Amino acid sequence: MSNRDLLDRSVASAFYGQFPTLRPVQEDAIEHILQGKNVVLSSGTGSGKTEAVLAPVVSVYRQEALNTDSLTILYIAPTKALVNDLEKRIHLPLSRVNLRLGIRHGDRDDLASGSIPHVLITTPESLEVLLLRKEKCLSTVKAIIIDEFHLLYNTQRGLHLSVLIKRMRALINKNLQWAAL
């Protein structure tokens with residue numbers, strides 16, 4: 001049995017389609033994330049890390065996002081360019097499972113449209129703005145994914161992000177599941 005079989009069937013289909021097998025990093029991450037564990041995932045470029053984490057996180061939190069129609073997954077990327085690239089890559093699989101995707105960075109604010117996304121991709125700086133504005137939608141976040149963590153590790157931006165995540169935890173007043181790629 002593949003760990004893929006542990007995922008919600010519609011989520012597995014949306015993210016992995018008809019691929020006969022998953023990549024090792026994808027296979028290895030699923031069970032840990034489904035068990036609610038926090039993970040640090042290190043693998044080469046193009047190895048499927050985004051899907052390795054996002055598919056099981058969506059599998060865990062999708063129904064709650066739909067039932068409450070609220071922001072449930074926060075995806076943090078270090079640059080606007082990566083945020084925009086991620087949107088292109090994950091919009092289709094998320095829409096296949098009826099989840100709305102939103103973007104928030106210096107050039108775009110989908111939260112301003114009035115329709116709260118289920119998944120929000122943002123930068124650390126934009127997350128700070130959202131926290132300063134006391135955006136109510138942040139209080140419903142259940143999971144945080146941090147992409148390109150190695151670019152933030154042991155830097156001022158990384159320290160800044162750790163403070164922001166601590167503030168998120170205080171806002172939510174319960175544990176957040178997180179994954180660092």
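Just the residues that are among the polar types (S, T, N, Q) and either within 15 Å of the chain's Cα centre (by Cα) or modelled with pLDDT of 95 or more (or both), please, taken from segment 11-25. Write out each step before concluding.
If we filter segment 11-25 for residues that are among the polar types (S, T, N, Q), which is where we start, we get 13, 18, 21.
If the condition is that a residue be among the polar types (S, T, N, Q) and either within 15 Å of the chain's Cα centre (by Cα) or modelled with pLDDT of 95 or more (or both), then no residue fits.
Where the second residue is small (Gly, Ala, Ser) and assigned to a helix (DSSP H, G or I) and the first is free of Cβ contacts under 8 Å to residues at least 60 places away in the same chain and lies in segment 9-26, which pairs have Cβ atoms under 6 Å and are six or more apart or on separate chains?
Here the result reads 25/52; 26/52, each pair linking segment 9-26 to a residue that is small (Gly, Ala, Ser) and assigned to a helix (DSSP H, G or I).
Where in segment 71-181 are the strands (runs of 3 or more DSSP E), entirely inside, with at least 3 residues that are in contact (Cβ under 8 Å) with a residue 40 or more places away in the chain, closer than 24 Å to residue 56 by Cβ and open to solvent by less than 10 Å² (accessible area, probe 1.4 Å)?
By residue number, 73-76, 119-122, 143-146.
Among the residues of segment 11-47, write down those that are touching a helix residue (DSSP H, G or I) at 6+ places or on another chain (Cβ under 8 Å), under 19 Å from residue 97 (Cα atoms) and either of a type in the set (Val, Ile, Thr) or part of a loop (DSSP other than H, G, I, E, B) (or both).
Those that are touching a helix residue (DSSP H, G or I) at 6+ places or on another chain (Cβ under 8 Å), under 19 Å from residue 97 (Cα atoms) and either of a type in the set (Val, Ile, Thr) or part of a loop (DSSP other than H, G, I, E, B) (or both): 11, 30, 33.
Mind listing whichever residues of segment 48-70 are outside any helix (DSSP H, G or I) and either among the aliphatic types (A, V, I, L, M) or modelled with pLDDT of 95 or more (or both)? Spell out the reasoning first.
Of segment 48-70, the ones outside any helix (DSSP H, G or I) are 48, 69-70.
Once the filter is applied, which keeps residues that are outside any helix (DSSP H, G or I) and either among the aliphatic types (A, V, I, L, M) or modelled with pLDDT of 95 or more (or both), segment 48-70 yields 69, 70.
The values are calculated or read from the model by the stated rules, or taken from the named source; none is laboratory data. Everything numeric here is computed off the predicted structure, so don't read it as measured data. Please note: Cβ atoms are built from the backbone with ideal geometry, for glycine as well, and neighbour counts cover all protein chains shown. We work out accessible area using only protein heavy atoms, side chains counted, and drop any ligands, DNA or RNA first. Shrake-Rupley method; radii C 1.70, N 1.55, O 1.52, S 1.80 Å.
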